[in-house]
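Student: One structure coming up, written as structure tokens, with questions to follow.
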Amino acid sequence: MAIKPTKKQIIDRARRADAYARRGDLNNAALTLYPVIEHARDMDDVVVFWAGIRAKQGHYTEAAEWYRHLLKSHHDHIPTRQSLALCLRRSGQYDETLQQIERIRQTDPWNVVAVLMEIDTYATLKRYDDALALLDELEANVPEESASAEHLGRMRIIRLRLREDTETAQRALSEAQSTSIGAETRSSMAQHAGLALQKAGRHAEAWDAMQKAKQYRGLRFDPDEHESRVTKCIEFWQSDEAAGLPSSDEDGSRFVFIVGMPRSGTSLLEQMLGRVPGVAPMGERSEVIRLAGALWSPARPDLQTMVASGQRITKENLDKILPMMVQTLREAASEFVEGEPIRQIDKQCFNFMHLPLIAKAFPGARVLHIRRHPCDTAVSCFSQWFNKQYHFLKDPASLGAYYAQYLRFMEAWGGLAAPDRVPEILELRYEALAAAPEATIRPVLEFLGLGWHDDVLTPEQSERIVRTASRDQVRQAINTKAVGRWKDYESELGPFIEALGRDAIDSYDPAGNG
């Protein structure tokens, strides 16, 4: 029987976890506190800290349960209820989100954070008239002491999302120049203004707005440093040392990892496969990245983790870390499939860096690598407002340099023996999937050992909640509207093309032969 930890032991672990979190290492923060958290339910500060970590890691359902626990004894604490509502919204539990917001507004009718969340929820539910009406009410009733430049900026962003007219876009661009607004909000204002201008066909102005959005964030990306880290990672996994590393005892055959550059078609592919009964489309998971971080922490929290040493890849460490991750993945799958899923799909695109590690951690797993024309990928990436994990979106040249290293990764992994050193990999093209969905998806189903289902051709009819940047696109029937969109921005893509190399673009074959 496990010995119950003392309060002092829990506090000591919480302090160590906090030290990790302050350095941006949420993986080790979670692993440090996890063994004792069930014994800390009466320690509010520890519970708040744990719930915050799990929310930042994307485990919104679990975080919501911890916030509910806190509210049992602090039911009037508005910040906790706001955190609960936010986790519920991000996990797609919209009815309960609105219930929690209503509870907040009973005490504080024009609480700006809560009302903005309510408007955002209405917009997500496509209740646009309700969202606009409430936004008008908020602007008329918000208390002067709460009407900070930051809040006004967020109101402008929501209005842009609801009504993408050029006049509102120009006003947002002008207001985004104010340094009294936080950098993230200024960036989001410029980005949404760019999208509105893009839809109006004002491509040069749209690109300029999106460039400003990147500049406001102050993203850091050093192409030479990134290339050096990629080289070390590839050299390690190609080494004899890596070949001799142990594998876990997990049966990874039910796991499917969709990889590729962001905005390359990963969401469409997952949405199609998620229409097969028994398949759990879990979205962009962080388990593999967290595993990599636990085994090889980068020098700075702003750097993406790339495992370049086998020192900590031991059987003992795998046995310690993986059970919690597998349990988390099992719980995630239960949101989509009753009982044991036949396949669990993780479409975290950045897992392309970790395919050899996946082979060790989840033996038998399979990988789908989807590619899209580099220039279409670049325009689509640049048109989105991503979190700071996408630091390579600093400018077109940085994106081109990053894309070139992604191609290096995939070429290197293609030279390793499968399934021992990398999982079995099937490559496909977005253009082929959009133009000939049935012919393209049939080999994918066969590769995964799945039978044919007509529903895969109607992903737009899925009731599944999509939380990524592709949430609007996957609600449309499969189409080729986004193919060749880059030609509207050909003159602006010069730095991207130069950094990537013209050969990588000229050799790209949408049919899948290059």
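Student: Sort out for me the helices (runs of 4 or more DSSP H) sitting completely within the range 1-67 that have 1 or more residues that are surrounded by 14 or more Cβ atoms within 10 Å (Cβ to Cβ) and of a type in the set (S, T, Y). Steps first, please.
Tutor: Details: elements: 7-22, 26-33, 44-56.
By residue number, 7-22, 26-33.
Student: In addition: Could you check the range 84-128 and list, in sequence order, the residues that are of a type in the set (D, E, K, R) and at positive phi? Outline the logic, then answer.
Tutor: Residues of the range 84-128 of a type in the set (D, E, K, R): 89-90, 95-96, 102-103, 105, 108, 118, 120, 126-127.
Listed by number, the list holds a single entry, K126.
Student: Yes or no: E316 among the charged types (D, E, K, R) and either modelled with pLDDT under 90 or under 30 Å from F392 (Cα atoms) (or both)? Spell out how you get there, then give the answer.
Tutor: Numbers: among the charged types (D, E, K, R): yes; either modelled with pLDDT under 90 or under 30 Å from F392 (Cα atoms) (or both): no.
So E316 does not fit the description; no.
Conditions (1) within 17 Å of I345 (Cβ to Cβ); (2) out of contact with any helix residue (DSSP H, G or I) (no Cβ under 6 Å at 6 or more places or on another chain); (3) in a helix (DSSP H, G or I), marked per residue:
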| site | (1), (2), (3) |
| --- | --- |
| A397 | no, no, yes |
| A412 | no, no, yes |
| L426 | yes, no, no |
| E446 | yes, yes, yes |
| E463 | yes, yes, no |
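Student: State which residue pairs qualify: first residue free of Cβ contacts under 8 Å to residues at least 24 places away in the same chain and inside the range 90-103, second residue surrounded by 17 or more Cβ atoms within 10 Å (Cβ to Cβ) and of a type in the set (V, I, T) in any location, beta carbons under 8 Å apart, and separation of 6 or more residues or different chains.
Tutor: Pairs that qualify, where the first residue is free of Cβ contacts under 8 Å to residues at least 24 places away in the same chain and the partner is surrounded by 17 or more Cβ atoms within 10 Å (Cβ to Cβ) and of a type in the set (V, I, T), are L98/T121; I101/V115; I101/T121.
Rundown of residues vs (1) assigned to a strand (DSSP E or B); (2) touching a residue at least 40 places away in the same chain (Cβ under 8 Å); (3) more than 15 Å from the chain's Cα centre (by Cα), yes/no style:
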site	(1), (2), (3)
L318	no, yes, yes
P323	no, no, yes
R330	no, no, yes
F336	no, yes, yes
G339	no, no, yes
L355	no, yes, yes
C375	no, yes, yes
C381	no, yes, no
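Student: For the range 172-212: of the residues being in a helix (DSSP H, G or I) and of a type in the set (D, E, K, R), which is surrounded by the fewest Cβ atoms within 10 Å (Cβ to Cβ)? Before the answer, list the steps.
Tutor: Just the residues of the range 172-212 that are in a helix (DSSP H, G or I), to begin with: 172-175, 183-199, 203-212.
So of that shortlist, the ones also of a type in the set (D, E, K, R) come out as 175, 184, 186, 199, 205, 208, 212.
Working: E175: 18, E184: 15, R186: 26, K199: 13, E205: 19, D208: 17, K212: 20.
Going through the qualifying residues, I end up with K199.
Student: Could you go through the range 73-80 and let me know if any residue there is outside the structural domain of Q327 (by TED's automatic domain parsing) and buried (at least 19 other Cβ atoms within 10 Å of the Cβ). Break it down into steps so the answer makes sense when it comes.
Tutor: First, pick out the residues of the range 73-80 that are outside the structural domain of Q327 (by TED's automatic domain parsing): 73-80.
Retained after the next criterion (residues that are buried (at least 19 other Cβ atoms within 10 Å of the Cβ)): 80.
Yes.
Student: Looking at (1) out of contact with any Ser or Thr (no Cβ under 9 Å at 6 or more places or on another chain); (2) crowded, with 16+ Cβ neighbours inside 10 Å; (3) of a type outside the set (V, I, T), find the lone condition where L88 falls short.
Tutor: All conditions pass for L88, except number (1).
Student: Does at least one position in the range 459-475 carry a residue that is surrounded by 13 or more Cβ atoms within 10 Å (Cβ to Cβ), at pLDDT 90 or above and more than 12 Å from C375 (Cβ to Cβ)?
Tutor: yes
Student: Another question, then. Could you please find all residues in the range 213-243 being touching a residue at least 24 places away in the same chain (Cβ under 8 Å), within 26 Å of P363 (Cα to Cα) and not in a helix (DSSP H, G or I)?
Tutor: Answer for the range 213-243, where residues must be touching a residue at least 24 places away in the same chain (Cβ under 8 Å), within 26 Å of P363 (Cα to Cα) and not in a helix (DSSP H, G or I): just Q238.
Student: What about A64, is it within 28 Å of L135 (Cα to Cα), small (G, A, S) and under 26 Å from the mean Cα position of the chain (by Cα)? Walk me through it before giving the result.
Tutor: Details: within 28 Å of L135 (Cα to Cα): yes; small (G, A, S): yes; under 26 Å from the mean Cα position of the chain (by Cα): yes.
Yes.
Student: Being more than 26 Å from T480 (Cα to Cα) and charged (D, E, K, R), is that true of even one residue in the range 267-289?
Tutor: Yes, the range 267-289 contains a residue that is more than 26 Å from T480 (Cα to Cα) and charged (D, E, K, R).
Student: Okay, moving on. One residue is enough: does the range 372-382 have a residue meeting the conditions surrounded by 20 or more Cβ atoms within 10 Å (Cβ to Cβ) and over 23 Å from L219 (Cα atoms)? Spell out the reasoning first.
Tutor: Residues of the range 372-382 surrounded by 20 or more Cβ atoms within 10 Å (Cβ to Cβ): 372-382.
Restricting the remaining residues to those that are over 23 Å from L219 (Cα atoms) gives 372-373.
Scanning the range 372-382, I find at least one residue that is surrounded by 20 or more Cβ atoms within 10 Å (Cβ to Cβ) and over 23 Å from L219 (Cα atoms), so the answer is yes.
Student: Right, F386: of a type in the set (F, W, Y) and part of a helix (DSSP H, G or I) or not?
Tutor: When the stated conditions are applied, F386 does not pass them.
Student: Looking at the structure I just gave you, is V444 closer than 21 Å to V276 by Cβ, of a type in the set (A, V, I, L, M) and under 20 Å from the mean Cα position of the chain (by Cα)? Break it down stepwise before answering.
Tutor: On the way: closer than 21 Å to V276 by Cβ: yes; of a type in the set (A, V, I, L, M): yes; under 20 Å from the mean Cα position of the chain (by Cα): no.
Spelling it out, it is not the case that V444 is closer than 21 Å to V276 by Cβ, of a type in the set (A, V, I, L, M) and under 20 Å from the mean Cα position of the chain (by Cα).
The values are calculated or read from the model by the stated rules, or taken from the named source; none is laboratory data. The model shown is predicted, which means the values in this text are computed figures rather than measured ones. A quick note on method: Cβ atoms are made from the backbone with ideal geometry, for glycine too, and the neighbour counts reach across all protein chains shown.
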